[in-house]
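Each remark here refers to the structure printed beneath this line.
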Amino acid sequence: MSLLAVEELSLAFDDDGESRQVVEEASFALEAGRTLGLVGESGCGKTVTAMSIMRLLPSPPARVLNGRILFEGIDLLRLPAAEMRAIRGDRIGMVFQEPMTSLNPVLSVGFQIEEVLRLHRGLRGAEARGQAIEMLRHVGIGAPERRLGQYPHQLSGGLRQRVMIAIALVCRPRLLIADEPTTALDVTIQAQILDLLRRLKRELGMALLLITHDLGIVAEMCDEVAVMYAGRIVERAPAGVLFQRPRHPYTAGLLAARPRLVPKGGKLATIPGTVPPPGRRGAGCSFAERCSRALPRCGSERPALTPGGEDQWAACWNPVP
Amino acid sequence: MGRLLEPGAVSRPILEVEAVAKHFPGKGGRLLRAVENVSLALAPGETLGIVGESGSGKSTLGRLMLGLHKPTAGRVRFEGVDLASLSPAALRRLRRHMQPVFQDPYASLDPRFTVGASIAEPLAIHRIGDAAQRRRRVAELLDIVGLEPDAARRYPHEFSGGQRQRIGIARAIAPEPKLIVADEPVSALDVSIQSQILNLLIDLKSRLSLSYVFISHDLAVVEHISDRVAVMYLGQVVELAETAALYKRALHPYTRALISAIPEPEPARRRERIILSGDAPNPEEPPPGCPFHPRCPEVMPRCRTDPPPRAELGSRASPHLAVCHLHGDPGGR
């Protein structure tokens, strides 16, 4: 049994009597202790997928149309709210892109870590404080006793993200969901945080679902990759296989568009056009109108994820050979 | 410091920055030294990349180059003319030749103006052409940046991020400038759109004989587009060299750490990662000696006390500046 299995998940946002599907039949699985990268560009549905695992999408407007999200075999979508609250922050932790907006500005660092321990472990006072200090030390924060009394605005971006990670991990979750955890950070601080996540994952034996737009980060951090485009998973493969031999033209296009692959100043490979917005994604493959390999059927028939060897799955009628 | 001020040595620089500083009033009477003693020059047709992390002063330097900030010390010269010597009206006239491109064109486009009106605005400001000529010019500009003619009648919110950056670029090139200072022009864009905009910028440069200052935190993007690269740390240029030399043989430990920190999908290109400890210091309280010394993996005792020397290494044809105690003595070489 996988630690996490998302099966045929479809999500819509209802707005003014109009329903726009933002995730369509997404399926992927994550084994204990492994790292899965969910990659894609803005609007592809990767963040809402992660939020739906945590059941953090406000409903309305969000609505699950179909599918299951199995965590340790239990369907999170059907759990009563109280039981979901007990899992969230305990067995599943989450870290967001912008720690300034996800930390509470009027509560001290210590209070925010201890609150998690109080909620899930019933710990208070010196005991909670001791564990909070230990966790801050664990995430590489020096002088943790002093940091406990500080507020988010007194910390640098890198320190805030370390505090976010401390909050997410203080209950030693089995799964950490990290949504663009380093996107708002400078590159030298990003290197620190990625290094920290790798170390903590090893030490705590947790699985990591890493949501990112950065293929370099995927290559460095992930065992498996799922590529999302316009609400659908278009390719799924072990990281090494994906980077060496992408099958979906969108994955191939993304990889080729990176500036370091061509001689300096030369023409970069591009993907023409832009991602179609929800509600305008047609009946066929939603990448068809930007795709150089499109066949007549691509415009009308939607390809399903099909295996192509080596655990590699692509949703494409004419995959890259 | 002579050689670095004379790139190519044949043509006069289009832009010269000479010992420029910009200080802002900071908290509690302290001084925020956003830019400190920066000297560099840009040859016509050249692209100079400026990289640095937040707080490095790269955007302030860009604004100084455009005459949008007055330097606290030093000089900025455009085609030999000291910007500080110009009257406000003369500076405005000169700005026609030096145009900015920003990270978020949405913030710099007036949402109530049609795209056509926004692109024509710099033409009106600089009194270029009559109404009919400006309309024709807008159509021509839209075509150059790859937008449909009917874009002129639409509003900024109707466009995607990449299309809005095309509008921002059309507006920048409208008055036929010689220099573009682009500050993080592709940072807000997705990878597939980023490459479209970079291709457009590279294409326009040769087509319109432009010179670029390209400011970015993204070292891979800067490597692709720049002829030379300046690395900034805490308000100072700590290394400046031709792009290939800088990425192959960086001399400053900070540059080496920055380059090693780029997440790299190509296993063959992956290098040993240098992970710096701590954050960049507060620019209001720069450390004594070398500003990088508290994080430097190669720190020596004198780095804590003495300001680092400007070592001019490399060859005459390809000078390589490193401001670091590891290289050269205070007198240069």
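At a Förster distance of 51 Å, what's the computed FRET efficiency of residue A:199 paired with residue B:75, Cβ-Cβ distance as r, to 0.05? For residue A:199 and residue B:75, the calculated efficiency is 0.55. With the simple spin-label model, which puts each label point 7 Å out from Cα in the Cβ direction, the residue A:14 to residue A:31 separation comes to 4.1 nm. Okay, which of the range A:24-54 sit inside 17 Å, backbone N to the point 7 Å along the Cα-Cβ direction of residue A:283? What the label zone holds, given the 17 Å backbone N cut-off, is no residue at all. Could you state the angle between the C-alpha long axis of helix B:161-173 and the longest principal axis of the C-alpha atoms of chain B, as a value from 0 to 90 degrees rounded to the nearest 10? It works out to around 90 degrees. Each eigenvalue of the Cα gyration tensor of the range B:136-232, multiplied by 5 and square-rooted, gives one semi-axis; in descending order these are 23, 16, 10 Å. Estimated at 0.36 nm per residue, the fully extended path between residue B:248 and residue B:315 surpasses their Cα-Cα distance by 22.6 nm.
Using only alpha carbons, the range B:107-176 has a radius of gyration to Kirkwood radius ratio (Rg to Rh) of 0.92.
Of the two radii for the range B:51-130, the radius of gyration is 1.01 times the Kirkwood radius, both from the alpha carbons; that is the Rg over Rh value.
Across chain A, Cα-Cα pairs more than 33 Å apart make up 29 percent of the total. When the P(r) is computed for the protein assembly as shown, the part past 37 Å accounts for 43% of the Cα-Cα pairs.
Hey, any idea what the orientation-averaged projected area of the convex hull of the range B:71-213's Cα atoms comes to, in nm²? Provide the component values of the computation, followed by the final result.
On the way: hull surface 37.0 nm².
With the hull built on Cα positions only, its mean projection is 9.2 nm².
Taken along its three principal axes, the alpha carbon spread of the range A:1-72 comes to 42, 25, 19 Å, from the longest extent down to the shortest.
Counting Lys and Arg as +1 and Asp and Glu as -1, what is the net charge of the other residues whose Cβ lies under 13 Å from the Cβ of residue B:24? Can you show the working numbers first?
Values: positive: B:22, B:27, B:30, B:33, B:63, B:70; negative: B:36, B:284.
Net charge in that neighbourhood comes out at +4.
Hey, with R₀ at 41 Å, roughly what FRET efficiency would residue A:137 and residue A:245 work out to, going by the Cβ-Cβ distance, to 0.05? Can you show the working numbers first?
Numbers: r = 43 Å, r/R0 = 1.05.
Given R0 = 41 Å and the Cβ-Cβ separation, E is 0.45.
Return one quarter of the surface area of the convex hull spanned by the alpha-carbon atoms of the range A:191-244, equal to its mean projected area, in nm². Before the final figure, lay out the partial values.
On the way: hull surface 16.4 nm².
Averaged projected area of the range A:191-244's Cα convex hull equals 4.1 nm².
Measuring between their Cα centroids, the range B:199-220 and the range B:40-71 lie 14 Å from each other.
On average, how much area does the Cα convex hull of the range B:179-266 cover when viewed from any direction, in nm²?
For the Cα atoms of the range B:179-266, the hull's average projected area reads 6.3 nm².
Quick check on the range A:136-182: what are the equivalent-ellipsoid semi-axes from the Cα gyration tensor, as sqrt(5λ), descending, whole Å? Kindly include the intermediate steps, with their values, before the conclusion.
Working: eigenvalues 72, 36, 13 Å².
Whole-Å semi-axes of the equivalent ellipsoid: 19, 13, 8.
Put a dot 7 Å past the Cα of residue A:83, heading toward its Cβ, do the same for residue A:172, and the two dots end up 2.4 nm apart.
On the beta carbon distance between residue A:121 and residue A:146, with R0 = 22 Å, the FRET formula returns roughly 0.35.
Where does the charge balance sit around residue B:94 when Lys and Arg score +1, Asp and Glu -1, over other residues with C-beta under 13 Å from its C-beta? Intermediate values should be presented prior to the final figure.
Working: positive: B:77, B:92, B:93, B:95, B:96, B:178; negative: B:79, B:82.
Net charge in that neighbourhood comes out at +4.
What do you get for Rg/Rh of chain B when both radii come from the Cα atoms and Rh is the Kirkwood radius?
Numbers: Rg = 20.6 Å, Rh = 20.9 Å.
Here Rg/Rh amounts to 0.98.
None of the figures in this text is laboratory data; all of them are computed from the coordinates on show. Worth saying up front: this structure is predicted, and the values here are computed from it rather than measured. Counting neighbours? That spans all protein chains shown, and the Cβs are built from the backbone with ideal geometry, glycine included.
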